[in-house]
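For reference, the structure discussed in these notes is given below.
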Amino acid sequence: MNFEVMKQALVAAAERAGIEQYEIYCETDETLSVETLKDTISSFSSGMSGGICFRCVVNGKMGYASGELMTVEAMEDLVSRAVSNAKCIDSEDVAIIYGGSEKYGRVELPTPQMTDAATLRRTALELQKRTYAENEAVSDGTQSYMMSTVNEVRLCNSNGLDLSNRVGTTAGYVSAVVRVGEEAQEAYEMGVGATADELATLPAAAVKKALDKMGAVTVESGKYNVVFAGEQFRNFLSTFSDVFSAKQAQLGLSLLAGKEGEVVAADCVTVTDDPMRADYPMQAPFDGEGVATYRKNVIENGVLRTLLYDLTTAHKAGKASTGNGQKHGYSSSVSIAPYSFFLHAGDKTTEELLALAGDGIYVTECKGFHAGANSVTGDFSIESAGFRIRNGRVAEPIKSFTVAGNFFELLKEINALGDTVRWSALGGFTTFGAPDLLVKGMSVAGK
């Protein structure tokens with residue numbers, strides 16, 4: 001696709017239609033992925049997708065249309081459909097085509113290139129071989145996965161804005177299944193943007209996690225001091241990230257509405273949104289509306305400093321956009337979302353957190369957030385697994401218990417933080433991170 005040719009065709013069609021305010025957004029994605037089963041490649045996928053979206057202001061309303069057919073004739077139709085769609089809009093929201101930010105960040109990363117298919121196949125098979133070699137308990141069902149992706153975005157508008165961003169990464173994943181007698185357990189490890197040496201550590205880590213869960217028992221219901229593994233607490237941030245959206249607040253769907261500047265968490269809690277995090281390959285110097293992104297503390301030392309805004313919600317609130325109006329694909333509408341959204345680390349090792357807990361539970365696995373959490377009320381009841389903590393040390397593995405509480409209260413009850421942020425797997429431009437942390441006196445439902 002020649003973007004410049006399509007751009008010129010759209011500009012010409014807009015001029016003929018008498019449209020003065022418009023935006024052109026183009027996105028392409030290229031992905032290769034390989035998955036193994038036993039000692040062979042079980043699946044291989046190669047694809048390229050993308051398209052173009054035209055947004056315009058007609059009589060104060062924002063209309064848009066998108067498509068994948070890249071011809072001059074299709075661009076003419078795109079403009080016509082966007083104009084027609086604008087006439088159907090009954091929203092009172094102010095339609096804004098952004099004029100541009102004073103300064104944009106630069107992606108300080110090598111120009112991304114797709115990893116070739118042969119390398120991905122070879123690496124996936126080597127990960128699989130190493131996983132089986134880790135322990136004789138490793139059994140069928142074990143899988144390794146490799147993928148490479150490159151994403152490119154172009155955004156320009158009638159106000160003279162002309163932006164582009166090209167990013168990409170390679171990621172590896174190992175899911176180890178172990179069997180001892182009649183019992184089977186599974187665990188996984190993933191590396192995003194990992195080097196060959198870092199990928200080589202995935203098999204041992206995944207197998208150890210799975211073996212550590214062997215022989216799990218149930219636990220009595222009660223109040224426990226709970227240490228959450230960072231890999232699990234980041235799921236809480238992901239599940240409840242909508243409460244930080246200004247749109248949800250303005251719709252009355254977030255209990256953080258009206259609380260900017262107020263204490264909403266323990267004073268050890270700082271939560272940051274960083275679109276240009278140095279060690280994340282999917283950096284975003286501008287959002288889906290062309291607003292410059294920037295690092296911001298959403299919660300700072302327990303105080304809610306800001307919600308996340310796009311242009312529309314910022315206009316309603318009399319504020320500036322925080323650059324969080326993302327588009328999750330060329331054809332999608334703008335929605336508010338964070339980028340690298342994380343709870344800052346503290347100064348405790350995991351061992352020190354366990355010692356502070358004394359007697360309690362170390363939660364290393366949570367599932368069912370989609371059914372067990374309510375982002376409006378903040379209530380959650382999550383099926384979990386992990387280990388008993390006895391005398392400040394990890395003891396026997398435990399299973400089938402439920403951790404219950406309220407997210408807003410949980411933020412206030414964090415007692416101590418681990419010294420390392422654990423990041424989630426690749427999720428486009430949005431990823432979540434958290435360290436291990438200690439919460440005392442949580443409700444746990446067991447046997």
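For Tyr188, the conditions (1) out of contact with any Gly (no Cβ under 8 Å at 6 or more places or on another chain); (2) of a type outside the set (Asp, Glu); (3) on the phi < 0 side of the Ramachandran plot; (4) in a loop (DSSP other than H, G, I, E, B) are fulfilled apart from (4). Taken together, the criteria place Asp267 among residues that are within 22 Å of Asn415 (Cα to Cα) and either open to solvent by 50 Å² or more (accessible area, probe 1.4 Å) or not small (Gly, Ala, Ser) (or both).
Every condition in (1) basic (Lys, Arg); (2) over 30 Å from Asp93 (Cα atoms); (3) assigned to a loop (DSSP other than H, G, I, E, B) holds for Lys223 except the one numbered (3).
Restricting Gly346, Gly323 to those that are on the phi > 0 side of the Ramachandran plot, in contact (Cβ under 8 Å) with a residue 24 or more places away in the chain and touching an Asp or Glu at 6+ places or on another chain (Cβ under 8 Å) reduces the list to Gly323. Kindly indicate whether Ser144 is touching an Asp or Glu at 6+ places or on another chain (Cβ under 9 Å), of a type outside the set (D, E, K, R), modelled with pLDDT of 95 or more and surrounded by fewer than 20 Cβ atoms within 10 Å (Cβ to Cβ). No: the conditions fail for Ser144.
One residue stands out in the range 59-71 among those that are surrounded by 14 or more Cβ atoms within 10 Å (Cβ to Cβ), of a type outside the set (Phe, Trp, Tyr) and touching a Ser or Thr at 6+ places or on another chain (Cβ under 9 Å): the one that is farthest from Thr119 (Cα to Cα), namely Lys61. Of the residues making up the range 283-308, those that are in a loop (DSSP other than H, G, I, E, B), open to solvent by 10 Å² or more (accessible area, probe 1.4 Å) and over 27 Å from Gly160 (Cβ atoms) are Asn301, Arg305, Thr306. In the range 125-179, of all residues being among the polar types (S, T, N, Q) and outside any strand (DSSP E or B), the one that is farthest from Ser46 (Cα to Cα) corresponds to Asn159.
The values are calculated or read from the model by the stated rules, or taken from the named source; none is laboratory data. Remember, it's a predicted structure, so these values are computed and weren't measured experimentally. Every residue, glycine among them, receives a Cβ derived from its backbone with ideal geometry; neighbour counts consider all protein chains shown. With ligands, DNA and RNA removed, areas are computed over all heavy atoms of the protein, side chains included. Shrake-Rupley method; radii C 1.70, N 1.55, O 1.52, S 1.80 Å.
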